[in-house]
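A.B. asks: One structure is given below, represented as structure tokens, and several questions about it will come after.
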Amino acid sequence: MKPTQVKDDILNLSPDRLIEWLSRYDIRPYRSRQIFKWLYMRQADDFDRMTDLGKSVRELLAEHFYIGRFEKVAEELSADGTRKFLFRMNDGRRIESVLIPEKSHYTLCISTQAGCAQGCRFCRTAHLGFERNLTQSEILQQILQMKIEPDDTKRLTNIVLMGMGEPLANYENVLNALNILTNNEYGLKFAGRRITLSTSGIVPRIYDLGADTAVNLAVSLNAADDRTRNMLMPINRKYNIESLMEVCRNYNLRPHRRITIEYIMIKGINDSVLDAKKLSKLLRPIRAKINLIPFNSHDKSQFERPSQKTIETFQNILIDNHYTVMIRESKGRDISAACGQLQGKTQDRDSIGRA
Ligand code: SAH
Ligand code: SF4
């Protein structure tokens, strides 16, 4: 008896891999462009819809591949218009994406891992521990799902990789997904400058990112000295502040762009006048803009957000030192859609007590 064919998710293929696969069946390379267009621009969920392909090609594809689709498990709407989507993946694990309305467009915040291994002390996702990397398909499906939504998400122009997980710890899949996201001929046609990847600071991969892509870089610095950063972010023991500043100084920054430095403000931990001065000095050699993110409290953390006055004093010191500084109030706080609160409401299990 013929063994049942294990099918692959076609959304995990790069254009080159599909071309190579088609060539095994003597199918011409330009067909791959048609297929990709169906998958990404028209969000086809069935090979039969690909009407400009011959029936035999459609059947061949369906015999070997399936088209990955999440199940949308829940959607929550915040008072400020932010929408949080909870998706179930094939293995039952759940991840979240957050759609943020801006004045003239939407920004989608996507996840790159289920859980996260980095263990940052302030972060809700960290408490899940690391579950697994998302595949290229799972990263892209979060965007495809938005395009399937019936309303005006056509104005989705900006993507931020700031959801669950550390994108640079899942480098290959993230890079492949970014390639499709920005591909004008085969992919989703997003401009690199409209995509921002946020990292906790996996230094060697930051160099790679600058060489391999044209997306914006955001670095979660969160402290201006190693002692504080070691305590908040274990990754700092591997790649300390100096190594992080070095990669920022040498980053392949495109003209007119700046690195976003994210700095969570936590009461009594990193919010003093001295901290602001240290931060100013540290960032001097870097083309940076600073986002101050008041800590978002959650049930797994004792930390608190500083008073508004403390935040403004901190901001003013940076402004006096000629930095562009925004206070980023997290959107969607009432539905736990804010930074560091994504947790997939998974598996109905409690935190396993990891840091
Ligand atoms: N792993 C990546 C991207 C996901 S975290 C990173 O760490 O950069 C996205 C952002 O949320 C980071 O800047 C992180 O510092 C911030 N964040 C995490 N927990 C938070 C919390 N409780 N309050 C405010 N911001 C938080
Ligand atoms: Fe992971 Fe980022 Fe949360 Fe740190 S802040 S645990 S790197 S998701």
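A.B. asks: Past the 34 angstrom mark, what percentage of all C-alpha to C-alpha distances in the chain do you count?
C.D. replies: Details: 17799 of 62835 pairs.
Value for the chain (Cα pairs over 34 Å): 28 percent.
A.B. asks: Please work out the C-alpha center-to-center distance from region 229-271 to region 20-77 and express it in whole Å.
C.D. replies: 41 Å
A.B. asks: Follow-up question, since we're still on this one. What distance in nm lies between label points placed 7 Å from Cα along the C-beta direction at ASP320 and TYR66?
C.D. replies: 6.1 nm
A.B. asks: Amide H to amide H under 5 Å from LEU134: which residues, 5+ apart in sequence or cross-chain, H placed 1.01 Å off N in plane?
C.D. replies: GLN113, ALA114
A.B. asks: Summing Lys, Arg as +1 and Asp, Glu as -1, what charge do residues with Cβ under 9 Å from the Cβ of ARG257 carry, ARG257 excluded? List each step's numbers first, then the result.
C.D. replies: On the way: positive: ARG193, ARG254, ARG258, ARG287; negative: none.
Here the charged neighbours net out to +4.
A.B. asks: Roughly how tilted is helix 55-64, in degrees to the nearest 10 and between 0 and 90, from the longest Cα axis of the chain?
C.D. replies: The two axes meet at around 50 degrees.
A.B. asks: Between ASP46 and SER307, what FRET efficiency comes out of the Förster formula 1/(1 + (r/R0)^6) with R0 = 56 Å and r the beta carbon distance, rounded to 0.05? Show your work: numbers first, answer last.
C.D. replies: Details: r = 55 Å, r/R0 = 0.99.
Efficiency, rounded to the nearest 0.05: 0.50.
A.B. asks: For the chain, what is the calculated [θ] at 222 nm in deg cm²/dmol (nearest 500), taking -39500 (n - 2.57) for each run of four or more DSSP H residues and dividing by its residue count?
C.D. replies: Taking each H run of at least 4 residues, the total per residue is -8500 deg cm²/dmol.
A.B. asks: With r as the distance between the Cβ atoms of ARG155 and GLU242 and R0 = 35 Å, compute the FRET efficiency 1/(1 + (r/R0)^6) and round to 0.05.
C.D. replies: Details: r = 41 Å, r/R0 = 1.18.
So the FRET efficiency works out to roughly 0.25.
A.B. asks: For region 77-125, which trypsin sites (Lys or Arg not before Pro) pass both filters: DSSP loop (anything but H, G, I, E, B) and at most 14 other C-beta atoms within 10 Å? Let's see the in-between values first.
C.D. replies: On the way: sites: ARG83, LYS84, ARG88, ARG93, ARG94, LYS103, ARG121, ARG124; in loops: ARG93, LYS103, ARG121, ARG124.
Here the trypsin sites (Lys or Arg not before Pro) that fit, given the DSSP loop and packing criteria, are LYS103.
A.B. asks: Nearest 10 degrees is fine. How inclined is helix 273-283 to the longest principal axis of the chain, computing both from alpha carbons?
C.D. replies: For helix 273-283, the angle is close to 50 degrees.
A.B. asks: Continuing with this model, one more query. So what is the relative contact order of the chain, in percent, for Cα pairs below 8 Å that sit 6 or more residues apart? Intermediate values should be presented prior to the final figure.
C.D. replies: Working: 657 pairs, mean separation 58.2, N = 355.
Answer for the chain is 16 percent.
A.B. asks: May I pose another question? First check a/c for region 168-271, with a ≥ b ≥ c the square roots of the eigenvalues of its C-alpha gyration tensor; if it is under 1.5, answer rounded, and if not, answer prolate when a/b is larger than b/c or oblate otherwise. Before the final figure, lay out the partial values.
C.D. replies: On the way: a/c = 2.22, a/b = 2.08, b/c = 1.06.
Cα axes put region 168-271 in the prolate bin.
A.B. asks: Counting Lys and Arg as +1 and Asp and Glu as -1, what is the net charge of the other residues whose Cβ lies under 11 Å from the Cβ of TYR239?
C.D. replies: Values: positive: ARG205, ARG229, ARG237, LYS238; negative: ASP226, GLU242, GLU246.
Combined, the nearby Lys, Arg, Asp and Glu give +1.
A.B. asks: OK, next. The chain: longest stretch without exposed GluC sites (Glu not before Pro) (DSSP loop, at most 16 other Cβ within 10 Å), sites themselves excluded? Spell out each step's value before the answer.
C.D. replies: Numbers: sites that count: GLU102, GLU185, GLU304, GLU329.
The answer is 186-303.
A.B. asks: In region 12-62, what trypsin sites (Lys or Arg not before Pro) fall in a loop by DSSP, with at most 12 other Cβ atoms inside 10 Å?
C.D. replies: Those that pass, being in a loop and sparsely packed, are ARG42.
A.B. asks: ³J(HN,Hα) across region 137-143 via Karplus (A = 6.51, B = -1.76, C = 1.60, θ = phi - 60°), whole Hz, x for Gly/Pro?
C.D. replies: So the Karplus estimates, Gly and Pro as x, are 4, 5, 5, 6, 4, 4, 7 Hz.
A.B. asks: Follow-up. Identify the trypsin sites (Lys or Arg not before Pro) of region 194-255 meeting these criteria: DSSP loop state and at most 16 other C-beta atoms within 10 Å of the C-beta. Kindly include the intermediate steps, with their values, before the conclusion.
C.D. replies: On the way: sites: ARG194, ARG205, ARG227, ARG229, ARG237, LYS238, ARG249; in loops: LYS238.
Passing sites in region 194-255 are LYS238.
A.B. asks: Taking the Kirkwood radius as the inverse of the mean 1/r across Cα pairs, report the Rg/Rh of region 8-66. Show your work: numbers first, answer last.
C.D. replies: Values: Rg = 10.1 Å, Rh = 11.3 Å.
Rg divided by Rh gives 0.90.
A.B. asks: What FRET efficiency do you get for LYS281 and LYS55 if R0 is 45 Å and r is their Cβ-Cβ distance, rounded to the nearest 0.05?
C.D. replies: Result of the calculation: an efficiency of 0.10.
A.B. asks: Now for a different question. About the Cα centre, and with charges only on the beta carbon of Lys, Arg (+1) and Asp, Glu (-1), how big is the dipole of region 71-349? Nearest 20 debye, please. Could you put the intermediate results ahead of the total?
C.D. replies: Details: 40 positive and 31 negative charges, 114 e Å.
Using only the charged Cβ atoms, the result is roughly 540 debye.
A.B. asks: Going down the table (LYS300/LYS331; LYS189/LYS331; LYS267/LYS309; LYS277/LYS309; LYS267/LYS331; LYS289/LYS309), which pairs top 23 Å between alpha carbons?
C.D. replies: Details: LYS300/LYS331 20 Å; LYS189/LYS331 26 Å; LYS267/LYS309 12 Å; LYS277/LYS309 17 Å; LYS267/LYS331 20 Å; LYS289/LYS309 21 Å.
Cα-Cα > 23 Å for LYS189/LYS331; rest within.
A.B. asks: Please compute the volume of the convex hull spanned by the alpha-carbon atoms of region 1-154 and report it per residue in Å³.
C.D. replies: Details: hull volume 25.0 nm³, N = 154.
Hull volume normalised by residue count: 162 Å³.
Every number in this text was worked out from the coordinates using simple rules, so none of it is lab data. None of these values were measured; they are calculated from a predicted model. Cβ: placed from backbone, ideal geometry, glycine included. Neighbour counts: every protein chain shown.
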